[in-house]
Amino acid sequence: MELRGQVAIITGGARGIGRATTIELANAGARVLINYQRSAGAAEALAAEIVAAGGDAFAYQADVADEQAVTGMVQAVLDRWGKIDILVNNAGITADAPLARLRPEQWQHVIDTDLTSVFLCCRAVIPTMQRAGYGRIVSVSSLAALAGNVGQTNYAAAKAGIIGLSRSLAREVARDGITVNVVAPGYVETDMVETVPEALRAWALQAIAIGRFGRPEEVAAAIRFLVSPRASYITGHVLTIDGGWVMP
Ligand code: NDP
């Protein structure tokens with residue numbers, strides 16, 4: 001229970017990697033705000049499950065690309081629990097197409113949802129973390145940010161932006177007791193990967209040293225460590241979680 005008494009926000013916390021992270025942090029004793037956009041049923045059910053198991057959780061609807069919604073979400077946490085120790089920027093989407101056919105609205109939607117959201121959420125929690133002299137921020141990037149991926153120029157740009165943002169922010173707040181890190185998963189078995197064409201999945205599988213895709217729990221375990229007090233000397237780091245696919 002190394003996170004007992006701590007307060008965490010997990011964006012997109014009701015499904016996939018976000019859901020696994022919510023469970024992991026709640027199991028470690030954290031009180032969790034489960035952010036969702038469309039998955040109200042899943043978010044409410046997960047919150048109820050955590051509360052029934054003796055934890056503390058609530059589901060909150062907010063589009064993380066919307067400044068006002070993010071401000072409202074952070075205020076709701078402060079009203080309820082009075083502090084924020086942990087922010088996990090997990091929410092993300094894809095809208096794939098080769099660049100020559102990528103529509104400006106596809107570009108913008110992914111940049112807004114996957115990158116601007118990280119800016120908005122970090123900006124909303126930093127003042128309270130600075131006042132407390134403690135904070136842990138982890139954002140979910142992607143191997144696409146490091147290696148590139150066909151059909152994902154928008155996604156890779158957003159995910160690479162997360163890395164630059166996080167390293168710069170890590171320097172800005174390092175002396176306030178706040179660490180800022182990034183995880184960069186390869187393919188992980190969630191709804192998002194269901195949209196990857198079969199040929200691309202088969203190609204990836206033969207390139208991954210461990211020979212299989214990751215599980216959401218395997219990403220969540222790494223996030224749990226990075227948001228724990230024990231990870232106090234790790235900041236500005238990008239941790240690949242890819243089964244030995246790229247090994248940069
Ligand atoms: P899923 O598609 O399973 O889940 C996406 C999550 O993002 C959902 O919880 C969804 O919430 C949330 N979300 C999307 N848009 C918004 C929004 N505007 N506001 C709030 N929440 C939003 O994907 P994964 O679990 O696979 O992905 C989680 C993260 O991991 C993403 O950032 C993704 O880019 C990244 N990633 C995933 C990889 C993979 O192979 N799966 C690999 C590398 C990185 P709701 O359902 O409520 O709309």
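The values are calculated or read from the model by the stated rules, or taken from the named source; none is laboratory data. The structure displayed is predicted, hence computed values, not measured ones. Here the Cβ is made from the backbone with ideal geometry for all residues, glycine too, and neighbour counts use every protein chain on show. The area values use the complete protein model at the heavy-atom level, side chains included, leaving out ligands, DNA and RNA. Shrake-Rupley method; radii C 1.70, N 1.55, O 1.52, S 1.80 Å.
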Checking residue 38 against (1) within 8 Å of the ligand (Cβ to nearest atom); (2) surrounded by 17 or more Cβ atoms within 10 Å (Cβ to Cβ), only one condition comes out false. Which one? (2)
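Taking the stated definitions as given, is residue 65 open to solvent by 10 Å² or more (accessible area, probe 1.4 Å) and part of a helix (DSSP H, G or I)?
No, not satisfied.
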In segment 68-96, what residues are more than 16 Å from the ligand (Cβ to nearest atom), outside any loop (DSSP other than H, G, I, E, B) and of a type outside the set (D, E, K, R)? 75, 78, 81, 86
Which ones in segment 125-157 are within 26 Å of residue 75 (Cβ to Cβ) and crowded, with 21+ Cβ neighbours inside 10 Å? 125, 129, 135, 136, 137, 138, 139, 140
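Does any residue of segment 114-132 turn out to be assigned to a loop (DSSP other than H, G, I, E, B) and either in contact with a Lys or Arg (Cβ under 7 Å, 6 or more places away or on another chain) or within 12 Å of the ligand (Cβ to nearest atom) (or both)? Don't jump to the end; show me each part of the working.
Step one: of segment 114-132, the residues assigned to a loop (DSSP other than H, G, I, E, B) are none.
No - not one qualifying residue is present in segment 114-132.
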Residues in segment 159-215 that are touching a strand residue (DSSP E or B) at 6+ places or on another chain (Cβ under 6 Å) and among the β-branched types (Val, Ile, Thr): how many? 8
Output the number of the condition that residue 84 fails; it satisfies all remaining conditions of (1) without any contact (Cβ under 8 Å) to a residue 60 or more places away in the chain; (2) hydrophobic (A, V, I, L, M, F, W, C); (3) closer than 24 Å to residue 34 by Cα; (4) in contact with a strand residue (DSSP E or B) (Cβ under 8 Å, 6 or more places away or on another chain). (1)
Can you tell me which condition residue 116 does not meet? The list is (1) under 20 Å from the mean Cα position of the chain (by Cα); (2) surrounded by fewer than 16 Cβ atoms within 10 Å (Cβ to Cβ); (3) not small (Gly, Ala, Ser), and all the others hold. (2)
